[in-house]
Protein chains: 2
Amino acid sequence: MRDESGSGETDWLSGTEQAAWRALLDSTRMLFAALDRQLAADSDLTLTDYDILVRLSEAPNNRLRMRELADLTLSTRSGVTRAVTRAEQAGWVRRVECEEDRRGMNAELTEAGRAKLAASAPGHVRAVREMLIEQLTAEQLGQLTEIGRRVQDKITLK
Amino acid sequence: MRDESGSGETDWLSGTEQAAWRALLDSTRMLFAALDRQLAADSDLTLTDYDILVRLSEAPNNRLRMRELADLTLSTRSGVTRAVTRAEQAGWVRRVECEEDRRGMNAELTEAGRAKLAASAPGHVRAVREMLIEQLTAEQLGQLTEIGRRVQDKITLK
DNA sequence: CGATATTAGTTGACGGCGCAATGACCTCGG
DNA sequence: CCGAGGTCATTGCGCCGTCAACTAATATCG
């Protein structure tokens, strides 16, 4: 199956390249699954839910347009609609109509949402620290950031 | 919200730690989504489907127990049952009963499955190379492997 | 100004996946 | 040899997410 001779032939991954790719694939799958489990068990939250609470808590006035939320969480508009609906039913978020664009909707963090985030953040951060941060040297930490940025840029510009 | 004073207080992520974590989170999400799109568009495959074909193609006799397949793909038994059913309906895989354990099932790659893999692999590999491998220095490649291993070990041993 | 294209958000249909329960089978200690 | 407990694969159920279609509002351009 491997053939380096022709001009349009496939440039297969070398052993070390494949090792890196699979290590990334497997470790991130495990990491996300583990974090999801931790959040579900300790706080009855999804990583998605948590992400939404965080983004809103960081936004000016604790509110964001649905579209912005979709962009920030790398999700789709419909995904955000449903996630915000769930969060709204749980009381963590409230929908506020947009003044300057009558099509628009803002999701706004409620007091209960802030409290929920405050209650779940320590456990989540602890998990991220244990499973990821503590496994890295300072140099690796920087390189991970750099790698992530480059991959994001590459994909964005395609 | 931040408070370093007490004994049981939360050890928040520093700026660089958070940057690394978010870079990893976002870049891998984008990467997986982009690879899924590429496979779907060019080969009408999921990354999961592709992974199953690869694992079977690497196994002795092109067959694996359902349990082994679940372990290798970091999925659940039920997930594998459904994925194999889909692959079977597409003609890429055949179920073969297990000789030495009458509970057991083997998933076996068919000729059509091998052909499907051969047809889709080049495009997939090209995408992985463009989006990930080419963005890395040789050193980063090695560190990514190392980081992935450590994260996997940490989570496995919990 | 008015027609057309674009954008925001929602919804219905659909698919993938995990959990828990199930039935068949294996294993091992007494 | 038998029964308790574990394992294998499957399935029903429900959740979550995407795609495509839709409505409403805005932007653009002749």
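Figures for the structure shown
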{"read-out": "Highest-MSF residue in chain B out of B:SER78, B:SER14, B:SER43 [GNM, Cα springs under 10 Å]", "value": "B:SER14"}
{"read-out": "Listed residues A:ASP49, A:ASP101, A:ASP71, most fluctuating in chain A (Gaussian network, C-alpha, under 10 Å)", "value": "A:ASP101"}
{"read-out": "GNM result for chain A, Cα springs below 10 Å: residue of A:LEU132, A:LEU64, A:LEU56 fluctuating most strongly", "value": "A:LEU132"}
{"read-out": "Sum of -39500 (n - 2.57) over DSSP H runs of 4+, divided by residues of the protein assembly as shown (222 nm, nearest 500)", "value": "-21500 deg cm²/dmol"}
{"read-out": "Placed amide H near A:GLY104: partners under 5 Å, 5+ positions off or other chain", "value": "A:CYS98"}
{"read-out": "Scaled radius of gyration (Cα, divided by 2.2 N^0.38 Å) that region A:18-156 gives", "value": "1.17"}
{"read-out": "Axis-proximal residue, chain A, for the rotation superposing A on B (Cβ, Å)", "value": "A:THR28, 2"}
{"read-out": "Nm distances between copies for B:ASN61, ranked from closest, using label points 7 Å along Cα→Cβ", "value": "6.8"}
{"read-out": "At R0 = 30 Å, FRET efficiency that the Cβ-Cβ distance of B:ALA41 and B:ASP11 yields, to 0.05", "value": "0.10"}
{"read-out": "Candidates per trypsin sites (Lys or Arg not before Pro) in region A:72-125, loop by DSSP, up to 10 other Cβ within 10 Å", "value": "A:ARG102, A:ARG103"}
{"read-out": "Inter-chain shielding of B:80-91 (mean C-beta neighbours from other protein chains, 10 Å cut-off)", "value": "0"}
{"read-out": "Note, ³J(HN,Hα) from phi for region A:58-71, Karplus 6.51, -1.76, 1.60, rounded to Hz, x at Gly and Pro", "value": "8, 7, x, 6, 6, 9, 9, 5, 4, 4, 4, 4, 5, 5"}
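None of the figures in this text is laboratory data; all of them are computed from the coordinates on show. None of the values given here were measured: they were computed from a predicted structure. Cβ atoms come from the backbone with ideal geometry, glycine included; neighbour counts cover every protein chain shown.
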